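Q: Please read through the structure below; I'll follow up with questions.
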Amino acid sequence: MVLGEVLLAQRETEEAIDRAVEVAIDAAGGGGARTYTYSVPPELNDLVPGEAVLVEFGRRQALAVVLGDTSPPDGISLKPIAARVRTDGPLLPPLGLALARWIADHYLAPPAIVIRAMLPPGLLERLDLVAELSVGAGAGATRLPPADADLLAQLERGPRAVRAMVAPDGRAGLIRRLRTLEEAGHVTLDWTLSVAGAGPRYERWIAPTDEGRSASAVLAAGGRLTGRQLGPRQLTALEELVTAPAEGLPTGDLAERHGHGALAGLVRRGLATVDVRERARMPLATRPVGLRGGRPAGAPLTGPQARAVDLATEAIRVGDPTPLLLDGVTGGGKTAIYVEAIAASLELGRRALVLVPEIAMAMPLVDRLRADLSARVALVHSGLGDGERADEWRRIRNGDVDIVVGTRLAVLAPLADIGLVIVDEEHEGAYKSDRTPRLQARDAALRLAEIAGAAAILGSATPSVDSIGRARAGTYRRVVLPSRPVGSRPAIEVVDLRAELREGNRGLLSAELARALAALDLNAGDQAILVINRRGTASVVLCRDCGHVQACPDCERPLVYHQAGGTLRCHHCGRATPIASRCPACGSPRIRYLGGGTERVEREVREQFPALRVGRLDRDVVERRGAAERVIDAFADRRLDVLVGTSLVAKGIDVPNVTLVGVVSADVALNLPDERAAERTYQLLAQAAGRAGRGERPGRAIIQSYQPDHPAIRAVAEDDAETFYDAELDLRRRFGSPPFGRLVKLTVGMTDKAEAERAAAAMADELRHRAAERGLSVAVVGPAPAYVARRSDRWRWNVVLRGDDPVALLDGGLDAPWSVDVDPESLL
């Protein structure tokens, strides 16, 4: 960050450097791409890693974060750190700094961007030079020039940002006068960092004084006070105060009941005192503690569950970070193992981190942890407001929480110590970030456990092929949970949609699925989940006369019709376009909507079954603040009979009354040109089917597909996961894909299509030359157009590297317009 017009004076020194530190500079452009070394002046020798400082960077000053001490380079004159930036402590603890280094190195991410990602939004945007009166500043102030005395008067009410102060000779004169006052000991000047628009929130509290308590006792005994007597409102306010907790009460709450005048009168008479305190924004403050959906807690552990708990507890005790893979059926009791392991970590005085792939999954898990454990829980995800995220960050950094639960952002939380890391639904692609730093939160969490000497648990009913491969190789320990402690495996049947078409059924619900919905026993509390991994009402909008498909002008991908709002929307760049009443190509009014998504399924269910209460959960819903929690709570509380959604409804929803799950289309992602397409389809189907039959009533899952004989679909229907994993691992071994090798995807994006293709070809040739020259066993694949060849008006080409260490070819990264994705989740 460039400070602009206010610069600190620096003194050049020829003395030998006693100490040097490595810093990450928060600078635009290439400045943040690597770390830099600066000397530490004697007056700042108490600097510790994680603190923010000002440094001279080129011809400007910039904000930086100290990463740690380093050896001064020989023969190079180092610039000194200009100043310490005052905060309420180091921005990151040593554990966070160590993780930041690993993320930057492993994912070839600029260190400054990694540091930014680990801090609350806006924290590095607000840097002010703050003036404050020194202790004893009044001595000699009467002999000061009037302009200087006026500056001191401006500070009498408390510290002020220099930018908010005024002086008769302008800003330059203001800075000069404040420096003079600082040298004379009248003021202190500090650079101060705060969260822009999301700093701490404060409120006024009122508490009784000793005189107030004595007065209340006198009045309670029937006596009278000397002097003027208290009015009725003052009497009741004082009575409430003296019976309140010792810390007092917020003035706002008390003033609503008794009036501001009554409180002011108590303060004037010395019967009460008012002070200002920080009021943390706590996302869970208003949520009642308790389980939803009727799931009982405290049930005896099964044999496999007990074995997993024993392994986890021992790993926590000795600090063994070897991952423990919990591979069990859906509803197999993984959460009970998590609770026991977290309790063991807390008993040793060490905190726990729990990652979930989606915001919608966080609250059910938080409810379970708060119900079973008397622990302080912090919630971290992108759906929180900036102020909430900042306050949760401060609570975590200050050690005021025991358990951190959240999405992939939570792995970057400023935990000082940790005894247990849990990654729930470890197979989910949502753990991979699509923005720099493009980290895989599951892998970062495992590295965090290794750095901290903490135990690590990976849980999934459908583990990733990578994790199964590592477990078979002995890198991970594996515990299989073969059965459900409560409920039973649902009956699974596959409906051939080709036969439905031959019968003339053009709707999204097959005859069998429609009959199953009609047979729901609402009096017994039966509920259903319908899954279609596509949003919207229609996936393609075309002209029936000329066949023109309405597409995004930037990405050239078909636009999806959303009935809510009546718009066409691009699911790649988010662009919204009004619906055309006539074909843009031929002018025909004969526009047809083909395919369907969650909105269309919701509409068809409402139309065919008006007695059913239907809700929807997809990305469009999740984007509305608090909407996902409301929908899930309504379903768990049986205020909804049917929940329609994308893959979100197939994850983590544990509602015992679900007796029917319908997968409306199993083919959405099955034939994508990506090596993980079959794996993702298998995981989605198995997870979705597993939502049924978790209570006393038997469950049923109906999978609709145009490819009923596909291995991924057969594996789910026949409950034969091992055969599926065998085939997938054989393919991975042949191509050197994870877990048998590593991948790096390079993507170039340019506005000129031919130029982008030439740049991709040149890069592929250069990398092949490097591999041959250095004798590295790295295959360079491509270039090839990206699956979404044009996005945001840029043509995109991919080059893929496969091998044991493909990162070694990149010499620390690539310049724009190239992006680097290490360990990509998809090669599309």
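The values are calculated or read from the model by the stated rules, or taken from the named source; none is laboratory data. Bear in mind that the values here come from a model prediction, so they are computed numbers and not experimental data. Heads up, the Cβs are rebuilt from the backbone with ideal geometry, glycines too, and the neighbour counts pull from every protein chain shown. Quick note on the areas: whole protein, heavy atoms, side chains included, nothing else; ligands and nucleic acids left out. Shrake-Rupley method; radii C 1.70, N 1.55, O 1.52, S 1.80 Å.
Q: Considering only residues of the stretch 744-797 that are part of a loop (DSSP other than H, G, I, E, B) and not hydrophobic (A, V, I, L, M, F, W, C), which is nearest to the chain's Cα centre (by Cα)?
A: Ser792
Q: Counting only residues that are closer than 27 Å to Arg506 by Cα and not aliphatic (A, V, I, L, M), how many does the stretch 649-672 have?
A: Total meeting the criteria: 5.
Q: Same structure, new question: In the stretch 632-642, what count of residues is obtained for those that are in contact with a Leu (Cβ under 6 Å, 6 or more places away or on another chain), within 24 Å of Leu384 (Cα to Cα) and either part of a strand (DSSP E or B) or touching a residue at least 40 places away in the same chain (Cβ under 8 Å) (or both)? Can you show your working first?
A: The first filter runs over the stretch 632-642 and keeps only residues in contact with a Leu (Cβ under 6 Å, 6 or more places away or on another chain), leaving 634-635, 641-642.
Filter once more, keeping what is within 24 Å of Leu384 (Cα to Cα): 634-635.
Filter again for either part of a strand (DSSP E or B) or touching a residue at least 40 places away in the same chain (Cβ under 8 Å) (or both), leaving 635.
Looking only at that region, the number is 1.
Q: Does any residue of the stretch 108-124 turn out to be farther than 30 Å from Pro806 by Cβ, open to solvent by less than 20 Å² (accessible area, probe 1.4 Å) and at pLDDT 90 or above?
A: yes
Q: Open to solvent by 70 Å² or more (accessible area, probe 1.4 Å) and among the basic types (Lys, Arg), is that true of Arg758?
A: So Arg758 passes the test.
Q: Name every residue in the stretch 382-407 that is farther than 22 Å from Gly50 by Cα, within 11 Å of the chain's Cα centre (by Cα) and surrounded by 19 or more Cβ atoms within 10 Å (Cβ to Cβ), in order of residue number.
A: Passing the criteria: Gly383, Leu384, Val405, Gly406, Thr407.
Q: To continue, here is another question. Can you list the helices (runs of 4 or more DSSP H) lying wholly within the stretch 657-742 that have 1 or more residues being farther than 24 Å from Leu530 by Cβ and of a type in the set (Ser, Thr, Tyr)?
A: Working: elements: 677-689, 711-717, 721-735.
The helices (runs of 4 or more DSSP H) meeting that bar are 721-735.
Q: Return the residue satisfying two criteria in turn: it lies in the stretch 473-488 and is of a type outside the set (Val, Ile, Thr) and at pLDDT below 85, and of such residues it is surrounded by the most Cβ atoms within 10 Å (Cβ to Cβ).
A: Within the stretch 473-488, the match that is surrounded by the most Cβ atoms within 10 Å (Cβ to Cβ) is Gly487.
Each row is one residue, and each column tells you yes or no for (1) of a type in the set (Asp, Glu); (2) at pLDDT below 95; (3) open to solvent by less than 50 Å² (accessible area, probe 1.4 Å).
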position	(1), (2), (3)
Arg281	no, yes, yes
Ala285	no, yes, no
Pro288	no, yes, no
Arg292	no, yes, no
Arg295	no, yes, yes
Pro300	no, yes, no
Ala312	no, no, yes
Val318	no, no, no
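Q: Give the number of residues within the stretch 434-456 that are at pLDDT 95 or above, open to solvent by less than 30 Å² (accessible area, probe 1.4 Å) and either more than 20 Å from Ala375 (Cα to Cα) or not in a loop (DSSP other than H, G, I, E, B) (or both).
A: The total comes to 13.
Q: Within the group Gly587, Gly565, Gly574, which residue is modelled with pLDDT under 85, surrounded by fewer than 17 Cβ atoms within 10 Å (Cβ to Cβ) and more than 38 Å from the chain's Cα centre (by Cα)?
A: The match here is Gly587.
Q: Of all residues in the stretch 715-770 being free of Cβ contacts under 8 Å to residues at least 60 places away in the same chain and touching a Ser or Thr at 6+ places or on another chain (Cβ under 8 Å), which is nearest to Asn798 (Cα to Cα)?
A: Leu731
Q: Name, by its number, the condition in (1) assigned to a loop (DSSP other than H, G, I, E, B); (2) in contact with an Asp or Glu (Cβ under 7 Å, 6 or more places away or on another chain); (3) not hydroxyl-bearing (Ser, Thr, Tyr) that does not hold for Leu648.
A: (1)
Q: Got a number for residues in the stretch 329-382 being part of a helix (DSSP H, G or I) and of a type in the set (Ser, Thr, Tyr)?
A: So the answer is 3.
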